2 protein chains.
Amino acid sequence: MSVDGGGVPRPEGGPATTTRHAVTAEEVARRAGVSQSAVSRAFTPGASVAAKTREKVLAAARELGYRPNAMARTLITNRSRIIGVVMAYLDNLIYPDVLEKLAAGLQQRGYQMLLFTGFKDRHSDPVFEQIMQYRVDGLLLASTTLSSDLSDECAAAGVPVVMFNRMTEHPLCSSVTSDNRNGGRQIAEFLVAGGHRRLAYVAGVAISSTNRDREAGFREGLLRHGIGKIGHAEGNLELADTRAAARELFAADEPPDAVFAGSDHMALAVMEVARHEFGLRIPEDVSIVGYDDVGAAGWPSFSLTSFTLPVAPMVDAAVELMMEQIESSSILSHHRVVPGRLAVRGSARLPRRPVRDRDGTLIWAPGGTE
Amino acid sequence: MSVDGGGVPRPEGGPATTTRHAVTAEEVARRAGVSQSAVSRAFTPGASVAAKTREKVLAAARELGYRPNAMARTLITNRSRIIGVVMAYLDNLIYPDVLEKLAAGLQQRGYQMLLFTGFKDRHSDPVFEQIMQYRVDGLLLASTTLSSDLSDECAAAGVPVVMFNRMTEHPLCSSVTSDNRNGGRQIAEFLVAGGHRRLAYVAGVAISSTNRDREAGFREGLLRHGIGKIGHAEGNLELADTRAAARELFAADEPPDAVFAGSDHMALAVMEVARHEFGLRIPEDVSIVGYDDVGAAGWPSFSLTSFTLPVAPMVDAAVELMMEQIESSSILSHHRVVPGRLAVRGSARLPRRPVRDRDGTLIWAPGGTE
DNA sequence: GCTTTTTTTGCATGCGTATGCAATTTCTGG
DNA sequence: CCAGAAATTGCATACGCATGCAAAAAAAGC
């Protein structure tokens, strides 16, 4: 036994039933007339192999259809090159975009993405248990909140956690967010400059930092102009809830003449209700502003003025942060805040004069560069 | 050395820098005073372990924060319990939904999802190489096509392939689709019954089976009523292309009075152009029908008549098919076609009388059950 | 040509778990 | 209380690969 004389594979011949036997480095080694180590080295960038040997190995590998077994590699290197991504739900229109860009970014660095989603209502703990079993090198959390003890467990296991579009006070989690507070404030400035005095806010998930900051910024901006009391309703990022919230606002004794919704998803729903249930004209009767600047915001039917969530730079930052932590193998929490800008369209009344933030930066100017 | 007297972990004490040392079954075994095999068995449902032993083991595991290493398990069992999911892009509004439901379905059966996406333009081969290294138990392909040789490779490696919302003639791939042909035909019937005679089709990706079948059904239905020539433009499932296609159609000498777009995504874009660029009223001047019945189709602004893509049953079928093939470990291609129905709304003129398909089934009736 | 340095190679081992097998314990029935 | 059956347990091994180390080969220097 042993010599590979007859070991040629038969590409044709087999029926449609599988052998379920993957080619191993050992087999490639035999065929190439080298040791298994040589095969391993041929597939390891920067390893000590003669060019000629590598050629032989790669040729043999090609003939046999060999692919290194990532699982076995993980076992030794203690690096799976898998990032766990948790997105409880994908309703928000930005998430598909985030997912695409994230996958591309990770892929480029040789990482794969294990996705956990679709458990909107259920608890996330069992999911978390699964994640940990697969020895992910890092965890990216978007559209979900992780209870504090879970973060501890991650830290204990040495798994870096990056929160996306969410912040947490937990000392062991990093985060990437847009400048929610600033966004809220700029929207306040813009609406006040447009002559609005009766304002309302439609909240997303109340406990999320994102919602909290957007609202805080909005109120802060309004307060600068002496507006302390505003309408408030909860949309919870849900279609049905948001519609109810809109009805509540518009049916009030003193309905708002401008509404800021904490996300475009909700802003669009508010618009629908305003137009089709209350017959309101936008922006003549009511101005509506959103946050995120999703694709649909730019459609003529909506032409929604919205603060841009800078998805691409945010994803870049998240990937970068993740890589840093994986490589340093020390968990240091960094919080990155990416700036956005107000995309002014037609759903909110345009001010007559340029609008500036409190620090003087230009938010918008008539006939300006957009 | 050896006895575990002092081997208790210190939950407090360490700084924020990680140990990167995961607890192993061996350590749990020592702590519980049993063998490593016992630990393994305690975590294997149906294995031969005394209840008392299992308790001891689980207790020790809890104290140490032990989690079985899925990678090591994969190495032995030759089953990763990971399904590779390939979605080149997530633009189509149904995909996030598919992803959520798919994740939930797989999770429920103890499978995880390795997602490959975000390579719209690039070639998928390198991606495929990655997938295979992770020894996925199955491959689900949506919004992408796999070249024939890749399918062969999968078959050779014993990896079942299920195509979602796509078909292929390849003998080793299964597929789940909606009844595209039937959908196209029913839309034809409906539009003709509504009095339309100048029709047009906006195509998705020309070579995809989905597009092919929808168009074929549409033409077939029209032909039954003597309509052989229709307008045609390519939207390629892209926003920009679709807008261009719509302009082309509406600017023609004999513009259509009814347009069927091969997906809602495109139908909405056509609507936008019709209304805001050509000032057309819908459905008075032109009827527009889509396919997929995405969420936005139901918004009052669009009220898009659309053929329903039955996402939930399709995902169920896909998961089921996948599990079957994994368990039987034989690759037999099955093709499952899931029926849908026409969701009639306001974007297309309503016929005066009930509409029936050629086989007599009711498509729609005035004042009917929807 | 021979020694020294550098590069390349193979050997052996271990990563963390599952599992067949034989040894041991517990249970059952008389 | 004991023999036999059944349940439980531990031992040893294998899964596929990476890597430290020493041996071998090649290259360089004189």
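Below, the figures for the structure above:
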{"read-out": "Given (1) within 16 Å of DNA strand C (Cβ to nearest atom); (2) at the interface with chain A (Cβ under 9 Å from one of its Cβ atoms); (3) basic (Lys, Arg), index of the condition residue B:79 fails", "value": "(2)"}
{"read-out": "Subset tally (residues that are touching a helix residue (DSSP H, G or I) at 6+ places or on another chain (Cβ under 8 Å) and either farther than 17 Å from residue A:93 by Cα or at pLDDT below 95 (or both)) for the range A:225-238", "value": "9"}
{"read-out": "Among residues of the range A:257-278, those that are facing another protein chain (nearest Cβ under 9 Å) and among the aliphatic types (A, V, I, L, M), counted", "value": "4"}
{"read-out": "Residue count, the range B:27-75 (criterion: more than 10 Å from DNA strand D (Cβ to nearest atom), away from chain A (no Cβ under 13 Å) and under 24 Å from residue A:77 (Cα atoms))", "value": "2"}
{"read-out": "Any chance residue B:86 is closer than 28 Å to residue B:263 by Cβ, out of contact with any Gly (no Cβ under 9 Å at 6 or more places or on another chain) and not assigned by TED's automatic domain parsing to the domain that holds residue B:291", "value": "yes"}
{"read-out": "Subset of the range B:319-331 [assigned to a helix (DSSP H, G or I) and among the β-branched types (Val, Ile, Thr)]", "value": "B:319, B:326"}
{"read-out": "Hits in the range B:226-285 - residues which are assigned to a helix (DSSP H, G or I) and of a type in the set (D, E, K, R)", "value": "B:241, B:243, B:247, B:248, B:264, B:272, B:275, B:277"}
{"read-out": "Members of the range A:332-370 that are in contact with a Lys or Arg (Cβ under 7 Å, 6 or more places away or on another chain), in contact (Cβ under 8 Å) with a residue 24 or more places away in the chain and in a strand (DSSP E or B)", "value": "A:363"}
{"read-out": "Total residues in the range A:82-97, condition under 23 Å from residue A:327 (Cα atoms), at the interface with chain B (Cβ under 10 Å from one of its Cβ atoms) and more than 16 Å from DNA strand D (Cβ to nearest atom)", "value": "2"}
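One line per residue, one yes/no per condition, for (1) within 12 Å of chain B (Cβ to nearest Cβ); (2) farther than 28 Å from residue A:296 by Cβ:
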site: A:99; (1), (2): yes, no
site: A:117; (1), (2): yes, no
site: A:130; (1), (2): yes, yes
site: A:143; (1), (2): yes, no
site: A:159; (1), (2): yes, yes
site: A:173; (1), (2): yes, yes
site: A:183; (1), (2): no, no
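Residue by residue, here is whether (1) surrounded by 16 or more Cβ atoms within 10 Å (Cβ to Cβ); (2) more than 28 Å from the chain's Cα centre (by Cα); (3) of a type in the set (S, T, N, Q) holds:
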{"site": "B:197", "(1), (2), (3)": "no, yes, no"}
{"site": "B:202", "(1), (2), (3)": "yes, no, no"}
{"site": "B:208", "(1), (2), (3)": "yes, no, yes"}
{"site": "B:227", "(1), (2), (3)": "yes, yes, no"}
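The values are calculated or read from the model by the stated rules, or taken from the named source; none is laboratory data. The model shown is predicted, which means the values in this text are computed figures rather than measured ones. Positions of Cβ are backbone-derived with ideal geometry, glycine not excepted, and every protein chain shown enters the neighbour counts.
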